[in-house]
DNA sequence: TAAAAGTATGCAATCGGTTTCAGTTGTTAA
DNA sequence: TTAACAACTGAAACCGATTGCATACTTTTA
């Protein structure tokens, strides 16, 4: 438990003032090159480390970025966080992370903690329950930039980073239709969240554009968990007539739904074609492999952090618009390929 | 960009001293109950928030815990982190997270950042490359507790939190032997890391105890990634004779190995039985479902944080020992069940 | 050669809570 | 009635780095 070395200790040692020490360590131009050299050597030798709290207190900034996610243990968020950490680390920022566990109360509490920790900026992916953005107002009114990613909401002072969910869902649904599906069910999450609302729209528009009817009862909303996938499958099995296509808003749910349907004797994709969303590892593991939308988690995290840093450092010019769209694409695999898979399978069966 | 309210503002407003304000807000006993009431009302009304930096500077502690993990985007670490965040949040601590990406340099750099951020304690799961613990010495010599979890190393002043990898591997291997396997391959990671070294031991001892030969060439070490699983499968396919059992040190790798073997026409578990490690979601999705070791990620995170807090708060009595072992168990599924699966399958084929 | 400009350094105030020590008031015991 | 004590409250130092302003010394310019 040795005592910490401060700039005062170094000052005493070298018979200089703390001012000069501070300047030298920050590479201030008004300090003689040789003096700087002497100081940094002494600092290293004495084992000096800067006290960030004193520094932050004085400078009124913290080099810390706050992050609020619904769940830490989700493949998408893990990779987004990995991307954020990468950039933050490169730029000398710390990340403080907390999870809302899909509840508003925790999201509000976390926002408060972040505020009290005086983060320089905040990244948020909203919980299922969140209805309004009041708990972020205090950041905005203090000029602390807030960026939403993935699960976003409209706010005139905040940038959002998303993929084009509507278009992705439109593509997915159209693909099902092209594969011969005409009675397509959509399984999705809480429609308060843009991601699910937009995917529903994309699904709906694709149906309409292909002259297929849209009915409310073909839309099942739930928690998008493994369990929800099972339940959705039960609901589907109870439908009459049975649908011939399913578009699910995430892979976890799609995979468990697919498994349940298979167990019930449904042949995928012959009886029903399925498409998921996210391109999680499981989509490549399940049999048949799941057609899905590739979702750039890591990239989204990196972009979110980069844009946030630009805003923190006041260079607003570089930001193209209030919403940043990232590319996503449909990855076609067996679970939706009716023609081809049948062609492939037949020779095997003979 | 409104100005922040400080205790001085409140003091002026209520005609009291900053001292009393500070005490009242910290619920110090030497402040009159009514005064406290008045102060906390005024504070709330004026929108006061404490400046953590001033407070930390004075109190010389930060209520912040550092975490260094190899990768953020791994199912195990995500759930461990989720557990840590839960406890940290409950106890009013912040978590600063960084990833080493399996390299020593980054691990050292991250440790330095954590040190400069003056974390009150540090949680670490070591990178593949780490050979020594020198970069953690400065924490220890300053009395900052360091706890290793999962990927641990021996250090007389640090607690480690692990599962009994040797025993788990022993169980897994014994199970394969009981299912009739006699030529078992083990796929594992860098043997510098306890988790892999211990699993190798468990595998070896199980063989020996069942009078089966242990040979180096049946042990394949690699990066334990999806890609590594494919490569391992190729190696296995080139073996002569082919093994009849495979014990893999993680599920990601086991699943991709299993898929590759299946594609090559190997029947699982009839030709080869496979066991993984971790109980990731994919182990329940792959066909046949993967027998695996259930790994308590969330719980390990919670325990790690709780023990760390105990050490930070100086109550060393509660800590049973230098190493804390958590329970893990073998989850038997189809990929290793030779007798039963065959029995099930036959009627289907007839 | 004096004035102006440039270079290098230091003084002292500041950021906003926390804490030590001392002081005031009121109460109780002797 | 006075000493002893409890219950509050406050003044001022402190944590350690940063920074506006002043100062001392050099060098250049007129």
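The values are calculated or read from the model by the stated rules, or taken from the named source; none is laboratory data. Computed from a predicted structure; not experimentally measured. Cβ sites come from the backbone with ideal geometry, for glycine too, and all protein chains shown count toward neighbours.
Being in contact (Cβ under 8 Å) with a residue 40 or more places away in the chain, away from chain A (no Cβ under 11 Å) and surrounded by 21 or more Cβ atoms within 10 Å (Cβ to Cβ) is the filter here, so list the residues in region B:77-119 that pass it.
Within region B:77-119, just B:111 meets the criteria.
It is to be established whether one or more residues within region B:6-17 are closer than 24 Å to residue B:92 by Cα, surrounded by fewer than 22 Cβ atoms within 10 Å (Cβ to Cβ) and within 8 Å of DNA strand C (Cβ to nearest atom).
yes
How do the strands (runs of 3 or more DSSP E) wholly within region B:160-273 filter down when requiring 1 or more residues that are over 26 Å from the mean Cα position of the chain (by Cα) and buried (at least 19 other Cβ atoms within 10 Å of the Cβ): which remain?
Once the strands (runs of 3 or more DSSP E) in region B:160-273 are filtered for at least 1 residues that are over 26 Å from the mean Cα position of the chain (by Cα) and buried (at least 19 other Cβ atoms within 10 Å of the Cβ), what remains is B:184-188, B:245-248.
Here is a check on your reading of the model: is residue B:66 within 12 Å of chain A (Cβ to nearest Cβ) and modelled with pLDDT under 90?
Considered against the rule, which asks whether it is within 12 Å of chain A (Cβ to nearest Cβ) and modelled with pLDDT under 90, residue B:66 comes out as no.
Would you mind finding the one in B:30, B:54, B:43 that is within 12 Å of DNA strand D (Cβ to nearest atom) and within 14 Å of another protein chain (Cβ to nearest Cβ)?
Exactly one of B:30, B:54, B:43 is within 12 Å of DNA strand D (Cβ to nearest atom) and within 14 Å of another protein chain (Cβ to nearest Cβ), namely B:54.
Could you say whether any residue in region B:47-65 is within 34 Å of the chain's Cα centre (by Cα), surrounded by 22 or more Cβ atoms within 10 Å (Cβ to Cβ), more than 16 Å from DNA strand C (Cβ to nearest atom) and touching a residue at least 12 places away in the same chain (Cβ under 8 Å)?
Yes, the conditions are met somewhere in region B:47-65.
What are the residues in region B:146-159 that are outside any strand (DSSP E or B) and buried (at least 24 other Cβ atoms within 10 Å of the Cβ), if any?
Within region B:146-159, just B:150 meets the criteria.
Can you tell me which residue within region B:1-27, out of those that are in a loop (DSSP other than H, G, I, E, B) and within 14 Å of another protein chain (Cβ to nearest Cβ), is modelled with the lowest pLDDT?
The selected residue is B:1.
Does region A:241-263 include one or more residues that are free of Cβ contacts under 8 Å to residues at least 12 places away in the same chain and either more than 13 Å from every other protein chain (Cβ to nearest Cβ) or more than 30 Å from residue B:262 (Cβ to Cβ) (or both)?
no
Could you list all residues from region B:274-285 that are surrounded by 24 or more Cβ atoms within 10 Å (Cβ to Cβ) and on the phi < 0 side of the Ramachandran plot?
B:274, B:275, B:276, B:277, B:280, B:282, B:283, B:285
Looking only at region B:92-105, decide whether some residue is on the phi < 0 side of the Ramachandran plot and part of a helix (DSSP H, G or I).
Yes, region B:92-105 contains at least one residue that is on the phi < 0 side of the Ramachandran plot and part of a helix (DSSP H, G or I).
So, of the residues in region B:277-287 that are within 12 Å of chain A (Cβ to nearest Cβ) and part of a loop (DSSP other than H, G, I, E, B), which turns out to be nearest to residue B:224 (Cα to Cα)?
B:280
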